[in-house]
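Heads up: the structure comes next, in structure tokens.
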Amino acid sequence: MLQHLAASRWFSEISKKPLQVLIGLCLFATAASGGALGSVASTSMAVLFVACIFYIQRWPDFWRGLARDEQLLLIGLALYALSGLVSYYNVNDQQEFVKHMGRYIRFLLVIPVYLLLSRSGASLFKYLLAGSIISGPLYLTMALISVTENPGLPAAGHYHHITFGDAAMLNVVFLSAMLVSWQMQLAMKVIVAISIVCALYASFLSQARGAWLALPFCGILLFYLAIKVNKLNIKIVIPVLLLGVVAIAVSPAGNVIESRVKEATHEIGFFISGEKVDLSIGGRLAMWDIALDVWQEHPIIGTGLGDFDQEIELRQSQGIYETIAVHASVHNIYLQALATTGSIGFLILCFSLVIQPIRIFYHPFSESLNPAKLAGLMVIVAYAVFGLTESWILRAPVVSMYLIYLMTLTVAASRDSGAENTAAH
């Protein structure tokens with residue numbers, strides 16, 4: 001009888017807030033499987049955008065209700081999309097430009113989505129958290145299936161293995177922030193810890209070294225902030241670390257990590273000596289060198305979105321880096337911006353994707369750890385580090401996940417209410 005009453009109350013609450021539930025399901029689906037299952041993140045973004053169209057007449061009111069930092073963030077995202085459009089002046093490959101601009105336009109379309117999310121308030125935070133908790137076992141299951149079906153290859157879902165590994169690591173740092181800062185019951189802490197280990201294992205199996213690189217940066221920052229406010233619970237940290245170490249030690253992940261680190265060391269040595277540049281890291285270093293050269297030739301607005309592959313081909317015709325593969329991606333978001341959108345695009349990228357979000361999420365943390373702000377800080381730092389070795393701004397699912405996490409956490413952090421007090425059940 002009590003269960004029937006609880007279920008009736010739950011359905012009653014849903015029927016009263018259908019829009020919030022729709023938005024929440026999009027956030028949940030993106031967090032749970034956006035980097036593993038095809039079209040989940042993009043579909044969620046599309047649904048959110050269509051939903052916000054129904055409130056177009058109220059956008060000016062929503063905008064006026066935002067804090068100045070929120071408005072600056074949205075203006076920055078709009079300018080970032082505009083920087084890609086301006087680069088059209090130097091574009092030669094129209095088709096590639098349209099393809100790349102499709103990624104940039106998401107940063108513009110997410111602005112009305114943010115207005116919609118701000119209307120629903122910080123209560124949407126719990127949907128993102130629930131999806132992240134589900135993601136650990138889901139990503140690990142898909143990773144194990146992948147390596148079983150394709151021995152010797154990186155674990156991946158329906159996307160590139162780097163996308164898969166980044167998404168798994170994103171949830172690792174997000175849930176780690178939650179574990180440290182959010183008041184949870186012991187059972188929930190155990191569930192979150194298990195999900196973290198599962199997602200971490202999946203990311204290791206993906207062999208995405210950029211994702212691995214984010215782990216120490218985020219880990220050290222989280223450790224420092226936790227110690228600063230005396231929030232580091234050894235009873236939680238030690239078991240999680242031991243569980244993670246044991247899981248890696250008794251699994252193939254340990255061998256994968258060791259082999260990838262040795263491979264990276266050898267490839268860097270080959271590049272420096274000039275013996276080989278056609279390997280994975282050697283190719284990246286060569287493209288970074290070309291990107292800086294392109295930026296010097298087009299310092300203001302760059303060579304144009306989608307034209308970087310032509311710049312590589314031009315240099316290969318001149319006998320420079322003839323053996324590397326031709327890509328439109330620089331494999332570094334900062335150098336990608338310098339090469340394709342110039343100094344203007346680079347400065348806007350740094351402001352809108354890194355600096356302004358950090359300004360929103362960072363505060364002294366002198367007395368307490370605000371869960372939404374701490375999680376947002378971890379997410380931004382992770383994506384900033386991802387960008388050192390890969391051009392994730394050109395991967396649609398990764399961009400969609402970045403924007404959905406950024407928007408949801410910014411709303412929660414800016415309102416400071418429900419994120420800390422929502423019960424974790």
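Ranked by how many other Cβ atoms sit within 10 Å of their own Cβ, fewest first, the residues Ile393, Ile355, Ile324 fall in the order Ile355, Ile324, Ile393. Residues in segment 370-382 carry Karplus couplings, in order, of 5, x, 5, 5, 5, 4, x, 4, 5, 5, 5, 4, 4 Hz; the curve used is 6.51 cos²θ - 1.76 cosθ + 1.60 with θ = phi - 60°, and Gly or Pro positions show x. Take the Cα of Tyr89, step 7 Å toward its Cβ, do the same at Ala325, and the gap between the two points is 3.4 nm.
Residues Met169, Met188, ranked from the fewest to the most other C-beta atoms within 10 Å, line up as Met188, Met169. Site pair Lys99 and Trp59 shows an inter-label distance of 3.0 nm when each label is modelled 7 Å from Cα along Cα→Cβ. Put in order of Cβ neighbour count within 10 Å, fewest first, the listed residues Thr141, Thr30 become Thr141, Thr30. Among the listed pairs Lys126/Lys228; Lys17/Lys189; Lys17/Lys373; Lys126/Lys189, a Cα-Cα separation exceeding 18 Å is found for Lys126/Lys228; Lys17/Lys189; Lys17/Lys373.
No value in this document is a laboratory result; all are computed from the given coordinates. Since the structure is predicted, the reported quantities are computational estimates derived from the model, not experimental observations. Cβ coordinates were reconstructed from backbone atoms using ideal geometry, including for glycine residues, and neighbour counts include every protein chain displayed.
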